[in-house]
1. Please enumerate the residues belonging to the range 1-50 that are of a type in the set (A, V, I, L, M, F, W, C) and under 30 Å from I74 (Cβ atoms).
2. Only one of S29, S66 is open to solvent by 60 Å² or more (accessible area, probe 1.4 Å), among the hydroxyl-bearing types (S, T, Y) and in contact with a Ser or Thr (Cβ under 6 Å, 6 or more places away or on another chain); which?
3. Hey, could you check the range 52-86 for residues that are in contact (Cβ under 8 Å) with a residue 60 or more places away in the chain and more than 29 Å from N30 (Cβ to Cβ) and say which is nearest to the ligand (Cβ to nearest atom)?
4. Scan the range 87-111 for residues that are away from the ligand (no atom under 13 Å from the Cβ) and touching a helix residue (DSSP H, G or I) at 6+ places or on another chain (Cβ under 7 Å) and report the count.
5. Give just the number: which of (1) over 23 Å from T83 (Cβ atoms); (2) not in a loop (DSSP other than H, G, I, E, B) does Q183 not satisfy?
6. Give me the pairs, please: first residue somewhere in the range 197-219 and without any contact (Cβ under 8 Å) to a residue 40 or more places away in the chain, second residue anywhere and assigned to a loop (DSSP other than H, G, I, E, B) and surrounded by 17 or more Cβ atoms within 10 Å (Cβ to Cβ), beta-carbon distance under 7 Å, and either six or more positions apart or on two chains.
7. For Q146, only one of the following conditions fails: (1) assigned to a helix (DSSP H, G or I); (2) touching a strand residue (DSSP E or B) at 6+ places or on another chain (Cβ under 6 Å); (3) open to solvent by 10 Å² or more (accessible area, probe 1.4 Å). What is its number?
8. Which of the residues spanning the range 173-207 are exposed (fewer than 11 other Cβ atoms within 10 Å of the Cβ) and either at pLDDT 95 or above or basic (K, R) (or both)?
Amino acid sequence: MSLEEVKNYMNQIRRDFSDKPLNENTVKSNPLDQYAIWFEEAVNSQILDPYAMCLSTANKKGAPSSRIVYMRDIIDESVVFYTNYNSQKGKELAINPFASLNIYWAELERQIRIEGKVIKVAPEVSDAYFAARPKESKIGAWASHQSNVLENRIELENAVADLMEKYKDTEFIPRPDFWGGYQLQPTKIEFWQGRPSRLHDRLVYVKNKDRWRIERLNP
Ligand SMILES: Cc1cc2nc3c(=O)[nH]c(=O)nc-3n(C[C@H](O)[C@H](O)[C@H](O)COP(=O)(O)O)c2cc1C
């Protein structure tokens, strides 16, 4: 397609949503329990990577940046993901710990938005997760100076080869101190269900003193 055709395509396609309601009387009172129900439906719908989510952070000027990461755990109502602490997201979280997550399951016409403060998980938690990864992934974590400029692909491949050699006789590879988990502690979780005529259902859980309150928002 040419860019002109792309633009025409975007402007012409209109899709209505099916009529599957999201009702405040039937949702769970805890949003993580509600997430579990939706997650099961995502798995049953064979959605690829149902644990993928868009993470948005902001730099010190407030300029946002977004990328996909995998949700790897839920600890005490916190959403856990793993990454390089020196990456762009890591540097931004060090300056501004507030972040948001967005999950979109097109096949189910559903979106989940999660907002809150991010802290690092306990080192033992990162150690345990790292230890359970395949050897190649561990080497990859050591080899990648995530988000820094690479001269070329060979530089990365050479770093991997050197590390493979270094660790060739051992199964134990320590976790790099620049790599580990973060946990986002939600204060707001919104469930969005597409409905006909753009009259979508939006239920938002807001946390206040350890209690979750549910509000319905205009679509
Ligand atoms: C499906 C998918 C899953 C990803 N999962 C992760 C992840 O769990 N952790 C991670 O650091 N990067 C993950 N990435 C790569 C990130 O999107 C991003 O490129 C990388 O973390 C660097 O981001 P930054 O420069 O903004 O810090 C994933 C990308 C995709 C497309």
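1. The first filter runs over the range 1-50 and keeps only residues of a type in the set (A, V, I, L, M, F, W, C), leaving 1, 3, 6, 10, 13, 17, 22, 27, 32, 36-39, 42-43, 47-48.
If the condition is that a residue be of a type in the set (A, V, I, L, M, F, W, C) and under 30 Å from I74 (Cβ atoms), then F17, L22, V27, L32, A36, I37, W38, F39, A42, V43, I47, L48 are the ones that fit.
2. Numbers: S29 fails: in contact with a Ser or Thr (Cβ under 6 Å, 6 or more places away or on another chain).
S66 is the lone residue from the list that is open to solvent by 60 Å² or more (accessible area, probe 1.4 Å), among the hydroxyl-bearing types (S, T, Y) and in contact with a Ser or Thr (Cβ under 6 Å, 6 or more places away or on another chain).
3. Restricting to residues being in contact (Cβ under 8 Å) with a residue 60 or more places away in the chain and more than 29 Å from N30 (Cβ to Cβ), the top hit is N84.
4. 3
5. The failed condition is (1).
6. These pairs meet every condition: P219/H200.
7. Of (1) assigned to a helix (DSSP H, G or I); (2) touching a strand residue (DSSP E or B) at 6+ places or on another chain (Cβ under 6 Å); (3) open to solvent by 10 Å² or more (accessible area, probe 1.4 Å), only one is false for Q146: (1).
8. Correct list: D177, R198.
The values are calculated or read from the model by the stated rules, or taken from the named source; none is laboratory data. Keep in mind that what you see is a predicted model, and the values were worked out from it rather than measured. Cβ: placed from backbone, ideal geometry, glycine included. Neighbour counts: every protein chain shown. The area values use the complete protein model at the heavy-atom level, side chains included, leaving out ligands, DNA and RNA. Shrake-Rupley method; radii C 1.70, N 1.55, O 1.52, S 1.80 Å.
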